[in-house]
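A quick write-up on the structure given underneath.
The values are calculated or read from the model by the stated rules, or taken from the named source; none is laboratory data. Keep in mind the model is a prediction, meaning the values are calculated, not measured. We place every Cβ from the backbone using ideal geometry, glycine too, and count neighbours over all the protein chains shown. Side chains are part of the model used for accessible areas, which takes the heavy atoms of the whole protein and leaves out ligands, DNA and RNA. Shrake-Rupley method; radii C 1.70, N 1.55, O 1.52, S 1.80 Å.
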Amino acid sequence: MFDISVILQNWPLFWNGLLVTLFYSAISIGAGLVIGLIIGLIQLTGSRTLTVVGRVYVEIFRNIPLLVILLWIYYAFPIFAGLAVTKFWAGFAGLSLYAGAFYAEILRAGVQSIDRGQTDASTALGMTYGQRMRRVILPQAFRRMIPPLAGQSIIQIKNTTLMSMITVPDLLYQASYVSSFTYRPMEVYTMVGVMFLVLLVPLTFLSRKLETISERVK
Amino acid sequence: MMKSDPLLKIEGLRLKFGQREVLKGVDLSVEKGEVVVLIGASGSGKTSLLRCINLLNMPSAGRITIGGEAIYELDPSARDGNGVPAKTVNRIRSQTGMVFQQFNLFPHMTALENVMEGPVTVKKADHGATRKEALDLLSQMGLEEHVGKYPRQLSGGQQQRVAIARACAMHPQVMLFDEPTSALDPELVGEVMKAMVDLARTGMTMVIVTHELGFAFEIADRVIFLDLGTIAEDGPPKEVLLRPTHPRLKSFVGRFHETADLLRPFLEGG
Ligand SMILES: Nc1ncnc2c1ncn2[C@@H]1O[C@H](COP(=O)(O)OP(=O)(O)OP(=O)(O)O)[C@@H](O)[C@H]1O
Ligand SMILES: [Mg+2]
């Protein structure tokens, strides 16, 4: 029998877990966007060195599983570097660095999808590189990037559950904890799934809405 | 009487794409107010030459001056080969206006915003005055009813006229046109040609690449035939288009000739 009282009695733990999940989602999406913007743009300057730096970054963080990145930063990096890394920093850094690689690719692809003629026309008017980017290329590219950015951010929210492996007390970690002393995994993990659905279904819906809007303004 | 310096002067211009030399030493002078039409077979380097004038293509050798100021001058020690500083390049570039085959309007801006963009962003011109002038330019192009529309809401002919207005808004000394009517439906070609003829009448210096030889005949003071990256013939339209000497030019204008022959008695009688 599904016993809802297991959830209700331990609701504060679920609630705290949810807040932690939301907190890490928000800060890692924010930091990931900043990283992605930098890594994406340096690949577009035309400088070979910067392009290679950007590529290497992207390939490293796109090709190592996030769980491995988190475990490495939390357990291996402190040994290399000889300094302590807190759970917070390990989780925050791992998630942000990982997201940054994906955001960078979205940005680069978005900018490169803009027709060459736009660069020609703005250059012919006498615009500098900065003016072209700011006034002509990025405003068009951002519109095209909204749907993939929203999609990647939804993946990012789901990815925060991996932090439970480095004992960050997110929703999944709290659920495992509740399960460990109530012996009710059925209720507990069902609840985790439901909470993610309640959180993400509206967001997915919203991102689809943004997609149709950005289609229209293209 | 002393002849004034040409407005646009190109000397010994060469352009390479990788190992391939596309322009092999072009010399060309355009006087103020002159309308020059460039013709030539596909791949002869017309677009390349036009794009060198505002450095959308970086030449590999030669010298280009606009209004007496160099925009390109070979300097083998410079990374891009240009001895002219980037700042100067951008400034002189804004003294040339360019109109593209594919219009290349900014799709996220209205017609009016497209026309205002250059003066406001590049010249930091006053917003109110620019707006007024942009509206004037658009109505000269017969677009007063479309100023608030986005490019996707306009026909090809309308878009191209917005593009001409956008280039004019920078008060260029010379306007460059790369096959401005080639992407248009036949019934829209006329309105763009008319806008260009009107512009030529205001005394604008123009360099036009076109395959429309009838139009070239009407608008040009001089016609230049580009062949394999060099200027093969250069003269008044009557000579170049009606009495070509170069064998490849002969076959190039052949099609046009058949119709033009019918006109010859009238042209020569006048
Ligand atoms: N960016 C480029 N990279 C390499 N080759 C190029 C490039 N642009 C043009 N070319 C080559 O240079 C030659 C001249 O091209 P260009 O576009 O100037 O010819 P065109 O006279 O304008 O021809 P069309 O009438 O077809 O427009 C062509 O052989 C073309 O393939
Ligand atoms: Mg061409």
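Please verify whether B:Thr96 is hydroxyl-bearing (Ser, Thr, Tyr) and open to solvent by 10 Å² or more (accessible area, probe 1.4 Å), treating the condition exactly as stated. Spell out how you get there, then give the answer.
On the way: hydroxyl-bearing (Ser, Thr, Tyr): yes; open to solvent by 10 Å² or more (accessible area, probe 1.4 Å): no.
Judged against the criteria, B:Thr96 is not a match.
Please enumerate the residues belonging to the stretch B:20-56 that are within 13 Å of ligand 2 (Cβ to nearest atom), open to solvent by 20 Å² or more (accessible area, probe 1.4 Å) and either within 14 Å of chain A (Cβ to nearest Cβ) or at positive phi (or both).
B:Gly43, B:Thr47, B:Arg51, B:Leu56
Could you look through the stretch B:237-248, keep only residues that are open to solvent by 90 Å² or more (accessible area, probe 1.4 Å) and closer than 13 Å to B:Gly40 by Cα, and pick out the one that is nearest to ligand 1 (Cβ to nearest atom)?
Going through the qualifying residues, I end up with B:Arg248.
Would you check which residues across the stretch B:210-236 are crowded, with 22+ Cβ neighbours inside 10 Å, within 14 Å of the chain's Cα centre (by Cα) and within 16 Å of ligand 1 (Cβ to nearest atom) and list them?
B:Thr210, B:Ala216, B:Val223, B:Ile224
Looking at A:Gly54, A:Gly40, A:Gly32 in this structure, which one is farther than 21 Å from A:Ala150 by Cβ, open to solvent by less than 40 Å² (accessible area, probe 1.4 Å) and in a helix (DSSP H, G or I)?
Details: A:Gly40 fails: farther than 21 Å from A:Ala150 by Cβ; A:Gly32 fails: farther than 21 Å from A:Ala150 by Cβ.
After ruling out the rest, the residue left standing is A:Gly54.
What's the number of the condition A:Met133 fails, among (1) at pLDDT below 95; (2) more than 14 Å from chain B (Cβ to nearest Cβ); (3) part of a helix (DSSP H, G or I)?
(2)
Residues that are under 25 Å from A:Met133 (Cα atoms) and within 14 Å of chain A (Cβ to nearest Cβ): find the strands (runs of 3 or more DSSP E) completely inside the stretch B:58-107 holding 2 or more of those.
On the way: elements: B:61-66, B:69-73, B:96-99.
Strands (runs of 3 or more DSSP E) meeting the threshold: B:96-99.
Can you run down the residue pairs with Cβ atoms below 6 Å, 6 or more apart or on separate chains, where the first is in the stretch B:14-33 and without any contact (Cβ under 8 Å) to a residue 40 or more places away in the chain and the partner is more than 11 Å from ligand 1 (Cβ to nearest atom) and not hydrophobic (A, V, I, L, M, F, W, C)?
Here the result reads B:Ser29/B:Pro6; B:Ser29/B:Lys9, each pair linking the stretch B:14-33 to a residue that is more than 11 Å from ligand 1 (Cβ to nearest atom) and not hydrophobic (A, V, I, L, M, F, W, C).
Identify the single condition in (1) in contact (Cβ under 8 Å) with a residue 40 or more places away in the chain; (2) near ligand 1 (Cβ under 10 Å from one of its atoms); (3) not in a strand (DSSP E or B) that B:Gly43 does not satisfy, given that it satisfies every other one.
Every condition holds for B:Gly43 apart from (1).
Residues being touching a Gly at 6+ places or on another chain (Cβ under 9 Å) and farther than 16 Å from A:Gly36 by Cα: count how many of those fall in the stretch A:48-66.
We begin by selecting, within the stretch A:48-66, every residue touching a Gly at 6+ places or on another chain (Cβ under 9 Å); these are A:54, A:57-58, A:61, A:66.
Next, only the ones that are farther than 16 Å from A:Gly36 by Cα stay: A:66.
Looking only at that region, the number is 1.
Output the residue which, of all residues in the stretch B:1-19 that are away from ligand 1 (no atom under 16 Å from the Cβ) and either open to solvent by less than 50 Å² (accessible area, probe 1.4 Å) or of a type in the set (D, E, K, R) (or both), is nearest to the other protein chains (Cβ to nearest Cβ).
So the residue we want is B:Leu8.
So if I check each of A:Met195, A:Met191, A:Met186, A:Met145, which one is closer than 25 Å to A:Gly32 by Cα and in contact (Cβ under 8 Å) with a residue 60 or more places away in the chain?
Just one listed residue meets the conditions, A:Met195.
Quick check on my filter: what residues within the stretch A:65-121 are within 14 Å of chain B (Cβ to nearest Cβ), in a loop (DSSP other than H, G, I, E, B) and open to solvent by 50 Å² or more (accessible area, probe 1.4 Å)?
A:Ser113, A:Asp115
Do you know which residues across the stretch B:182-196 are in a loop (DSSP other than H, G, I, E, B) and more than 13 Å from ligand 1 (Cβ to nearest atom)? Give the steps one after another, and end with the answer.
Filtering the stretch B:182-196 down to residues in a loop (DSSP other than H, G, I, E, B) leaves B:182-185.
Hits for the stretch B:182-196 are B:Leu184, B:Asp185.
Can you name the number of the only condition in (1) of a type in the set (Val, Ile, Thr); (2) closer than 21 Å to B:Leu7 by Cα; (3) crowded, with 20+ Cβ neighbours inside 10 Å that B:Val197 fails?
Exception for B:Val197: condition (3).
I'd like to know if the stretch B:160-179 contains one or more residues that are farther than 24 Å from B:Asn57 by Cα, without any contact (Cβ under 8 Å) to a residue 60 or more places away in the chain and within 15 Å of ligand 1 (Cβ to nearest atom).
no
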